[in-house]
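Beneath this line is the structure, given in structure tokens, with notes to follow.
The values are calculated or read from the model by the stated rules, or taken from the named source; none is laboratory data. Since this is a predicted model, take the numbers as computed values, not measurements. Here the Cβ positions follow ideal geometry from the backbone for every residue, glycine too, while neighbour counts run over all protein chains shown.
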């Protein structure tokens with residue numbers, strides 16, 4: 001269980017298979033986010049049809065509502081949300097630290113107020129593992145502290161705490177059918193990232209995550225952090241870049257040795273009427289699409305593009321019909337999942353490096369990330 | 001085209017087939033409502049899977065947004081919303097008359113203000129037909145005036161106008177691939193209903209609708225109106241009871257000779273967290289369902305009941321996830337569509353009359369209609 005088989009490598013890009021109790025996970029892989037035990041607006045049948053394999057769900061949200069004990073009683077998260085393939089839960093750490101105004105961190109854990117009803121709660125590494133064991137995902141995350149990436153002093157404190165908490169999480173874990181991943185922190189500070197990568201790599205985690213990125217740093221900072229960290233990590237463990245990304249970030253992340261990604265971007269963009277396309281990101285509310293008989297993307301094989309015109313999608317948006325969100329979510333998730341699947345094929349058949357420039361050009365206009373800085377992004381995440 | 005084949009009859013209940021350019025419509029049939037060219041929250045693929053055949057869409061809404069000319073340009077409503085089976089459009093009359101504060105009726109037509117932006121528009125019988133020809137549904141409705149059913153004087157005026165407008169609609173119609181249905185009015189007044197049924201039956205409509213019911217009258221008034229009207233109608237034309245209904249109304253309507261029904265109830269209830277079930281109507285927000293591992297209805301074969309627990313549905317509702325509306329809409333529509341399909345089978349095999357008491361008992365707790373009276377219901381409809 002939880003063996004990671006490396007199937008092919010070109011440059012630093014890897015194609016592998018991670019064996020889990022809910023089936024083999026082919027990597028690289030992009031995981032849709034199902035914050036509250038549902039990928040917003042989509043049924044599991046629709047997720048299956050658009051090619052999803054791994055889904056991420058949020059410990060903080062599920063702990064508060066409906067409660068991890070209730071999920072366990074009902075057979076665990078797979079059974080509860082009826083997702084038969086691999087699931088991953090985060091530790092709750094990122095969400096809790098994002099509650100900037102209402103949380104207090106100490107060396108033992110974090111006390112925070114619920115964003116739902118203001119009630120007071122406390123997470124420790126042990127508590128996070130206990131909740132994640134109740135939820136029952138295949139992949140668990142160690143309880144960590146994400147810092148402002150450019151604040152060296154705070155990044156050092158947060159990293160050291162993350163390391164102590166990583167060891168406590170390993171000790172606290174009891175279930176053999178779940179894989180606990182450690183998380184590297186250190187902001188965009190090379191000395192801290194090096195230290196953190198070496199420390200986390202030294203612990204018996206079956207997989208390793210790179211945390212604290214895509215929180216307001218530049219793309220160059222993100223890529224150079226990946227360039228620094230990945231060569232320090234063992235080949236035989238999957239690497240997970242948390243909270244990333246855009247099509248461009250996926251291509252560049254895979255080229256730098258990342259195996260697993262997740263991001264709310266495809267479903268959040270969908271709720272804001274935006275769609276990935278090879279013409280660049282489209283806002284389908286735009287009046288220019290009112291009579292446009294083309295699909296979002298003529299090269300796309302998703303249900304939305306195979307069925308509906310831009311004119312119809314714009315009508316649904318203008319008429320405030322929920323179906324718009326569903327159809328755009330299908331398209332956006334399909335776009336990223338299929339991009340990563342195509343990249344996997346290219347790694348296996350040795351064409352990855354020659355394809356990269358074409359992919360980057362194709363997805364160029366979809367590249368920008370939100371640039372609101374650390375705190376604002378964090379606040380957005382909690383409200384996802 | 002538009003031939004109605006009567007396949008079987010038991011008592012007054014009928015099983016038939018209505019031939020349309022978009023396939024054979026097996027009757028009796030329950031039509032989901034897709035007000036704005038979408039059955040709220042559902043994809044055509046989901047509608048197909050839950051067994052939908054005929055779908056109704058609203059002329060008033062589509063005229064205002066996205067505009068009937070635009071729909072025609074994009075290939076008509078079937079192509080626009082990607083529904084390959086029969087479609088029906090109403091005349092816009094009911095919605096326009098529901099704008100109680102902002103419309104003015106005269107003998108030639110109605111001037112009204114848009115509920116979207118307050119702009120002024122005018123519908124006449126000719127204009128309604130022109131819009132419906134642009135939309136391109138298989139079944140069109142004559143422009144009629146719905147009255148407060150208990151107001152005899154107003155019902156008489158509205159009925160006489162409806163009759164004059166019916167003749168104008170027949171004259172205005174140009175397309176051979178669309179069937180125009182006439183509408184009987186007269187409120188709950190037996191003299192007017194008799195006169196209206198005889199008049200509309202005398203015109204060359206390929207189908208006949210019974211309008212002005214389910215707008216605040218009692219169930220007894222509705223059923224006795226059906227008892228009065230249906231025997232006056234030709235056997236070889238389909239009969240459509242507009243805006244009905246509940247499971248109980250469908251059973252009783254079919255027993256009285258109705259072939260076609262439509263109602264927003266299943267999707268509207270879904271948005272209010274309510275589900276039809278053989279235990280009576282359930283409100284899935286109820287805390288009693290928080291840990292309930294059963295499906296909504298153990299006898300139901302819909303995707304929702306075959307996949308999810310009440311506990312999960314309640315979680316989605318409490319967490320304000322849109323998927324709740326989708327899953328409840330699937331269940332509620334499936335419930336009514338399958339009920340009517342089962343009734344059709346029973347008419348064909350001669351078991352209808354012996355099954356009626358069991359069906360009525362099974363669906364008893366789902367029987368109540370909204371009882372807000374004529375004007376309030378109308379206002380709700382416009383906002384659907």
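Below, the figures for the structure above:
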{"item": "Residue in the range B:167-181 that is over 29 Å from residue B:29 (Cα atoms) and part of a strand (DSSP E or B) present", "result": "no"}
{"item": "The range B:80-97, residues that are under 16 Å from residue B:60 (Cβ atoms) and in contact with a helix residue (DSSP H, G or I) (Cβ under 9 Å, 6 or more places away or on another chain)", "result": "B:87, B:89, B:90, B:91, B:92, B:93, B:94, B:95, B:96, B:97"}
{"item": "Failed item in (1) surrounded by fewer than 21 Cβ atoms within 10 Å (Cβ to Cβ); (2) outside any loop (DSSP other than H, G, I, E, B); (3) touching a strand residue (DSSP E or B) at 6+ places or on another chain (Cβ under 7 Å), with residue B:338 passing the rest", "result": "(3)"}
{"item": "Residue match in the range B:237-251 (condition: surrounded by fewer than 16 Cβ atoms within 10 Å (Cβ to Cβ) and over 18 Å from residue B:343 (Cβ atoms))", "result": "no"}
{"item": "Scan of the range B:1-16 for residues that are closer than 18 Å to residue B:178 by Cβ and part of a strand (DSSP E or B), ordered by number", "result": "B:4"}
{"item": "Answer from A:11, A:16 - the residue that is on the phi > 0 side of the Ramachandran plot and in contact (Cβ under 8 Å) with a residue 60 or more places away in the chain", "result": "A:11"}
{"item": "Test: residue in the range A:276-284 that is over 21 Å from residue B:74 (Cβ atoms), buried (at least 19 other Cβ atoms within 10 Å of the Cβ), at pLDDT 95 or above and touching a helix residue (DSSP H, G or I) at 6+ places or on another chain (Cβ under 8 Å)", "result": "yes"}
{"item": "Breaking point among (1) farther than 30 Å from residue B:17 by Cα; (2) at pLDDT below 95; (3) in contact with a helix residue (DSSP H, G or I) (Cβ under 6 Å, 6 or more places away or on another chain), for residue B:365", "result": "(3)"}
{"item": "Residue selected from the range B:260-314 under the condition assigned to a strand (DSSP E or B) and under 25 Å from residue B:88 (Cβ atoms), by the criterion nearest to the other protein chains (Cβ to nearest Cβ)", "result": "B:262"}
{"item": "Qualifying residue in the range B:8-18 (condition: within 26 Å of residue B:95 (Cβ to Cβ) and either buried (at least 23 other Cβ atoms within 10 Å of the Cβ) or within 11 Å of another protein chain (Cβ to nearest Cβ) (or both))", "result": "yes"}
{"item": "Residue match in the range B:27-34 (condition: out of contact with any helix residue (DSSP H, G or I) (no Cβ under 6 Å at 6 or more places or on another chain), part of a helix (DSSP H, G or I) and within 12 Å of chain A (Cβ to nearest Cβ))", "result": "no"}
{"item": "Residue B:347 on the phi < 0 side of the Ramachandran plot, in contact with a helix residue (DSSP H, G or I) (Cβ under 9 Å, 6 or more places away or on another chain) and within 10 Å of chain A (Cβ to nearest Cβ)", "result": "no"}
{"item": "The range A:211-222, residues that are in contact (Cβ under 8 Å) with a residue 24 or more places away in the chain and out of contact with any helix residue (DSSP H, G or I) (no Cβ under 6 Å at 6 or more places or on another chain)", "result": "A:211, A:212, A:214, A:217, A:219, A:221, A:222"}
{"item": "Subset of the range B:315-335 (residues that are closer than 28 Å to residue B:55 by Cα, in a helix (DSSP H, G or I) and within 8 Å of another protein chain (Cβ to nearest Cβ))", "result": "B:316, B:323, B:325, B:326, B:327"}
{"item": "Flag if residue A:51 is outside any helix (DSSP H, G or I), within 11 Å of chain B (Cβ to nearest Cβ) and surrounded by fewer than 21 Cβ atoms within 10 Å (Cβ to Cβ)", "result": "no"}
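Rundown of residues vs (1) over 21 Å from residue A:215 (Cα atoms); (2) more than 21 Å from the chain's Cα centre (by Cα), yes/no style:
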{"residue": "A:156", "(1), (2)": "no, yes"}
{"residue": "A:170", "(1), (2)": "yes, yes"}
{"residue": "A:176", "(1), (2)": "yes, yes"}
{"residue": "A:185", "(1), (2)": "no, no"}
